[in-house]
Amino acid sequence: MPVVPLPNPGEGGAVFPGNENTGAIPVIPLPNPGEGGAVNPGGIIQPLPNITITVPVRYAAVRFLNATHGYPAFRILIDGVRAANLLDAGSATGYIRIPAGSRTITVAGQDGYIYLEQALPFAASTTSTVAIINHAGGLTLTKIADACRVV
């Protein structure tokens, strides 16, 4: 394994001689030959200290459409956090950024009655509309991929 040769003692290398106006500018001193230091003997890999790497959270964009009839306005929650308060029939919310992954969507009435709770997957950098629709025996959610890019 080639290494950068160290200078012999007295040959310089650790101090830049400079010129007569600036004088000598000190730099990190090199060890004497045989003392080691600049070269890691034996190819030993020194471990790094504990390093924490923060990975940015990836987001998806979602909006909700109330496509039902015969129900009062809904309150929409994503993982228990309110996303919409008064979503009347035939209306839609704006897009909301949510962390990618499986999210639990809750459709509740203004009185707190839970009509529907369902987990849906949201991939990073996607945009979708979740429609609340009438279904035999109640309500269901239908996820629709949107062509626009909001995220």
- Could you tally the net charge around ASP79, taking each other residue with its Cβ under 15 Å from the Cβ of ASP79, Lys/Arg +1 and Asp/Glu -1? +3
- Query: Using a simple spin-label model with points 7 Å from Cα along the Cα→Cβ vector, what separation in nm is obtained for ALA136 and ALA67?
  - Reply: 1.9
- Message: If amide hydrogens are placed 1.01 Å from N in the peptide plane, which non-local residues have theirs closer than 5 Å to the one on ALA60?
- Response: ILE98, ALA100, SER125
- Total charge of the residues flanking THR93 in space, meaning their Cβ is under 12 Å from its Cβ, with Lys and Arg +1 and Asp and Glu -1, is +2
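How much area per residue is accessible in segment 81-134 when the probe is 1.4 Å and only protein heavy atoms are counted (Å²)? Walk me through the numbers on the way to the answer.
Numbers: 2670 Å² over 54 residues.
In whole numbers, segment 81-134 has 49 Å² accessible per residue.
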- Message: Quick check: pseudo-label points 7 Å beyond the Cα along Cα→Cβ at LEU86 and ALA123, how many nm apart are they?
- Response: 3.8
- What translational D, rounded to a whole number of µm²/s, comes out for segment 70-113 from Stokes-Einstein when the hydrodynamic radius is the Kirkwood one over Cα pairs, at 4 °C and 1.567 mPa s? 116
- Ordering of 78-86, 128-136 by burial proxy (mean other Cβ atoms within 10 Å per residue, highest first): 128-136, 78-86
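The values are calculated or read from the model by the stated rules, or taken from the named source; none is laboratory data. If you're wondering where the values come from, they're calculated on a predicted model, not measured in any experiment. Note: ideal-geometry Cβ built from the backbone for every residue, glycine included; neighbour counts use all protein chains shown. We work out accessible area using only protein heavy atoms, side chains counted, and drop any ligands, DNA or RNA first. Shrake-Rupley method; radii C 1.70, N 1.55, O 1.52, S 1.80 Å.
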